[in-house]
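Step one of this worksheet: look at the structure below.
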Amino acid sequence: MATYEPLRVAVVGCGGISGPYGNSMRTKPEKVEIVGAYDVDTDRAQAWTQAHGGKAYASLGDLLAEPAIEAVVNLTIHHAHAEVTDAALRAGRHVHVEKPLATDLESGRANVRLAEERGLRLSASPFTFMGEAQQTIIRAIREGVIGKPLVVYSEMNWGRIESWHGNAAAFYRKGVGPLLDVGVYALTLITSAFGPVRRVTGFGTVQQPFRTLNAGPQKGSQFTVETPDIVVVGLEFENGTVGRLTSSFIVGGSKQASGTEVHGETGAIFVGSNHDFQCACEIQRAGKWEPLEYVAEPFPGVEWGRAMFDMADSLRTGSPQHATGKQALHVLEVCLLALESAQSGHSMNTTTRFEVPPLYYA
């Protein structure tokens, strides 16, 4: 149990993911207190606060003028992330922003720089590398259980978003796509294990240019895909590890799933999901795969409030903050360089760096 005053937070953006965030944050009122919410759709904000507590604000300005609010949880649509984060930081609020940090590198850089200048915390998704399964393999790698890591393979096969999401077209716009929407889960996990990526080589294409919505009020309408719906990325890390990431808005239910395997000098290690906290963790020794014991009892699924609980702990007790804007900026750059590489046919060198986050279960 926390022994401090809970962090007072407000949510901006009351779309689909806001429900899981709200449900999760309410499970630890000793760490996080929900003050209110805002959405461009006032009915959604009213419904969200009725379900999760707090006040529905009439505008973003009204929310940011509320002195009781210490931190903003930015759950807006992808292309609004950087702008809302900027406004919240300028208003003196700490921010946790959903992925991606921004849809262009300069906006992401500006957010990170502003947070540093104002002495504010910028936390960013994906935070799922803090899951029990993910921390299990990160710890094993750092402890040298498989020797020096040599090769990493990772998958994010997320299927056709339009089959279930009523606003799927937003996921296929330039600045989003499978790499920036879900590939970031894998990239955040593996950069947490290996550190920064040095060089990126990308291949991407639009394989299914016209999509039809199968959910929501506009069901049956068609839209055009603006960015590659399948991206394969070659990764060269500063520590010498090399790897491959595949992210797709075509393939769903792949036997390769959406996990990661790492092959080292003396063995290999596997996590069955880059997203869910409770999934298979296995280690291969002498050619035989066997279960790897979790570092802690895994949360079933994803604990969506974990980044906010982590921020609250860090602000109140001085403990390390694990999900940082600097790492999110590096992951954003890797994604954007991969797409640029796919267009140009040339490998690209990264310019951003970050400190590898400490183990969540130290």
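Only helices (runs of 4 or more DSSP H) wholly contained in region 16-127 count here; list those with 2 or more residues that are polar (S, T, N, Q).
Output list reads 18-25, 42-52, 105-118.
In region 273-282, the count of residues that are out of contact with any Phe, Trp or Tyr (no Cβ under 7 Å at 6 or more places or on another chain), at pLDDT below 95 and over 21 Å from residue 123 (Cβ atoms) is zero. In region 153-174, the residues that are closer than 21 Å to residue 103 by Cα and aromatic (Phe, Trp, Tyr) reach residues that are in a strand (DSSP E or B) and modelled with pLDDT under 95 with C-beta atoms within less than 9 angstrom, at least six apart or across chains, in these pairs: 158/258.
Every condition in (1) touching a Phe, Trp or Tyr at 6+ places or on another chain (Cβ under 9 Å); (2) more than 20 Å from residue 305 (Cα to Cα) holds for residue 111 except the one numbered (1). Just the residues that are among the polar types (S, T, N, Q) and either in contact with a strand residue (DSSP E or B) (Cβ under 6 Å, 6 or more places away or on another chain) or not assigned by TED's automatic domain parsing to the domain that holds residue 148 (or both), please, taken from region 225-265. Within region 225-265, 241, 246, 247, 248, 254, 256, 258, 260 qualify.
Please tell me if residue 139 is within 15 Å of residue 334 (Cβ to Cβ) and among the charged types (D, E, K, R).
Details: within 15 Å of residue 334 (Cβ to Cβ): no; among the charged types (D, E, K, R): yes.
No; evaluated as a whole, the condition is false for this residue.
Across region 298-324, the number of residues qualifying as in a helix (DSSP H, G or I) and either in the same structural domain as residue 181 (by TED's automatic domain parsing) or among the acidic types (Asp, Glu) (or both) comes to 2.
Screening the candidates 151, 176 for the property of being aliphatic (A, V, I, L, M) and either over 18 Å from the mean Cα position of the chain (by Cα) or at pLDDT 95 or above (or both) yields one hit, 151.
For region 191-240, filtered to residues that are of a type in the set (A, V, I, L, M) and in contact with a Phe, Trp or Tyr (Cβ under 6 Å, 6 or more places away or on another chain), the residue that is surrounded by the most Cβ atoms within 10 Å (Cβ to Cβ) is 197.
The values are calculated or read from the model by the stated rules, or taken from the named source; none is laboratory data. All figures in this text were calculated on a predicted structure; none of them were measured in a lab. A quick note on method: Cβ atoms are made from the backbone with ideal geometry, for glycine too, and the neighbour counts reach across all protein chains shown.
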